Amino acid sequence: MQSCLENSTLESLTKTTNRLQGRRDQLREDYKRDKVKLKELKKKDKVLDEALTLTQIVAQKTQEELEYRISDIVTAALASVFPEPYRFKIKFEIKRGKTEARMFFTRDGEEIDPLTASGGGVVDVAAFALRLSCYLLNPHQNRVMVLDEPFRFPSVDLRPKVADLITELSEKLEIQFIIVTHEDEYKIGNVIEWE
């Protein structure tokens, strides 16, 4: 009986040993395969890092070019209307993993928040120039811009300059502006009035 028990225990240990050896062999194969996969993934990771770096460089150059062009257009529009014009600036900043554009004015080296520290007329002219600059970036656009009360806040003495700006831009850029307004100073060119 003891011999039977020893044979059963031996058989059981042999089966367990064989099973564990099979598992060990499987783990060795998995390890080899995973090691190869890890090496491939590291190569892909390196390529992706290089691609990301290249994309960031291209994005930065594009943003710098856009910043320059848009800032120039908006600043020129402000200078044509206001006697002591602001300079318009855009700074592209990465926040929470995304690029955000921060827009502000400068005057005499001071940074000014457009919505809290400048008159509404300045914001109206800057907003118009921003829309125009975006419009100009798409060369396939129709040559018509429709605007609803774009210049509500410039003071009465500045409205003729705003009208001159619209006329000059329309002629130079060959853009037709359709403007809804209640202000007589902005009624230039072909005017259709509804009562």
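Would you pick out the residues in the range 24-72 that are closer than 30 Å to Arg102 by Cβ and aliphatic (A, V, I, L, M)? Once the filter is applied, which keeps residues that are closer than 30 Å to Arg102 by Cβ and aliphatic (A, V, I, L, M), the range 24-72 yields Leu48, Ala51, Leu52, Leu54, Ile57, Val58, Ala59, Leu66, Ile70.
Of the residues making up the range 87-115, just one is under 20 Å from Phe128 (Cα atoms) and in contact (Cβ under 8 Å) with a residue 40 or more places away in the chain, namely Phe88. Within the range 159-172, the set of residues being surrounded by fewer than 13 Cβ atoms within 10 Å (Cβ to Cβ) and touching a residue at least 40 places away in the same chain (Cβ under 8 Å) comprises just one member, Glu168.
Can you confirm whether Phe177 is modelled with pLDDT under 90 and either under 18 Å from Val123 (Cβ atoms) or out of contact with any helix residue (DSSP H, G or I) (no Cβ under 8 Å at 6 or more places or on another chain) (or both)? Give the derivation first.
Working: modelled with pLDDT under 90: yes; either under 18 Å from Val123 (Cβ atoms) or out of contact with any helix residue (DSSP H, G or I) (no Cβ under 8 Å at 6 or more places or on another chain) (or both): no.
Taking the combined requirement at face value, the residue does not satisfy it.
Looking at Val58, Val125, Val156 in this structure, which one is surrounded by fewer than 13 Cβ atoms within 10 Å (Cβ to Cβ) and under 18 Å from Glu185 (Cα atoms)? Reasoning before the result, please.
Numbers: Val58 fails: under 18 Å from Glu185 (Cα atoms); Val125 fails: surrounded by fewer than 13 Cβ atoms within 10 Å (Cβ to Cβ).
Going through Val58, Val125, Val156 in turn, just one is surrounded by fewer than 13 Cβ atoms within 10 Å (Cβ to Cβ) and under 18 Å from Glu185 (Cα atoms): Val156.
The residue that is modelled with the lowest pLDDT, among those in the range 77-122 that are surrounded by 16 or more Cβ atoms within 10 Å (Cβ to Cβ) and of a type in the set (Phe, Trp, Tyr), is Tyr86. Each residue in the range 128-145 was checked for being among the aliphatic types (A, V, I, L, M), surrounded by fewer than 17 Cβ atoms within 10 Å (Cβ to Cβ) and not in a strand (DSSP E or B), and 2 pass. Taken over the range 146-173, the residue count meeting the criterion of being in a helix (DSSP H, G or I) and either of a type in the set (Gly, Ala, Ser) or under 24 Å from Pro83 (Cβ atoms) (or both) is 17.
With respect to Lys42, is the statement that it is of a type in the set (Lys, Arg) and modelled with pLDDT under 90 true? If you could, list the steps in order and put the result at the bottom.
Values: of a type in the set (Lys, Arg): yes; modelled with pLDDT under 90: no.
Taking the combined requirement at face value, the residue does not satisfy it.
The values are calculated or read from the model by the stated rules, or taken from the named source; none is laboratory data. Since this is a predicted model, take the numbers as computed values, not measurements. All Cβ positions, glycine included, derive from the backbone under ideal geometry; neighbour counts span all protein chains shown.
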